[in-house]
Amino acid sequence: MPTTSDLASDPRPVIDLRDVCVSYRVPQERVLTFKEYLIRWLRGRVVIEELHALSHVNLQVGRGEAVGIIGRNGAGKTTLMKVIARVLRPTSGIVTVRGAVAPLELGTGFDTELTGRENVFLNGAIMGRSRKEMQRRLADIVAFAELEHFIDAPLRTYSTGMVTRLGFAVATDLQPEILLVDEVLSVGDIEFQQKCAMRIAEFLARGATLVLVSHSPEQVVELCSRAVWIHEGKVVMDGASADVVRAFVDHATPEHVHSAAV
């Protein structure tokens, strides 16, 4: 198994996607029950449509980079993150990821019937950490999440913001080589977002890699030096975050708004 120093000296991309496609086959007509679907299928009356969530995506991310993924809803951003996290197998193409990955998506990796404390240990186990190590890290995780008075309450009693704080605290305290963040930073309050930004800056300073999905152009420019614009499952622009975000915002802004501003 490669050591941390081995990974740091490896010049290859930590994330390397080559001609990656993800397709889904779905019925073109709405079928309400499995019985109805089976009858239609046996009679050859099910019309299947192939949807392309990602289409021939090539993406390389170097160690220590902070890359923002932007695009409209349904563009394929979350699918891309799931492919990188290796929880979704692409239909075709090659995915290579070098280093420990912590995917941070709202609500993932949690059991709502368990307490916050139990979920910390559960997430640690998922990321390959021992109970002893998680016990040592617990106080810092709880303090960062500001959940001292709620850590032994069931997660179903938490607000969305509380779940977000706990998830971010666990993922970043474990110091993975690659952190995948899907929209969660927009859920917390302003103070916690600032706290997260500081933690991410520390994370990047030690040479780790960040891939961030966000609908906030300001957040992408602030946290990421590079941005990738995804549209209909394809990479349409990849470059400096300020340039890519500007092009995306200009494309997304209706023409009449531009006319009124002139």
Worksheet item: Can you name the residue in the range 147-192 that is polar (S, T, N, Q) and more than 23 Å from Val101 (Cβ to Cβ) and is also modelled with the lowest pLDDT among such residues?
Response: Thr160
Worksheet item: Is there a residue in the range 104-116 that is closer than 30 Å to Val20 by Cα and among the small types (Gly, Ala, Ser)?
Response: yes
Worksheet entry | Residue within the range 214-223 that is crowded, with 23+ Cβ neighbours inside 10 Å, under 26 Å from Pro13 (Cα atoms) and not hydroxyl-bearing (Ser, Thr, Tyr) present | yes
Worksheet item: Going by the conditions given, is Ala208 within 17 Å of the chain's Cα centre (by Cα), surrounded by 17 or more Cβ atoms within 10 Å (Cβ to Cβ) and either within 26 Å of Met134 (Cα to Cα) or among the polar types (S, T, N, Q) (or both)?
Response: yes
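The values are calculated or read from the model by the stated rules, or taken from the named source; none is laboratory data. Everything numeric here is computed off the predicted structure, so don't read it as measured data. With ideal geometry, Cβ positions are generated from the backbone for all residues, glycine too; neighbour counts draw on all protein chains shown.
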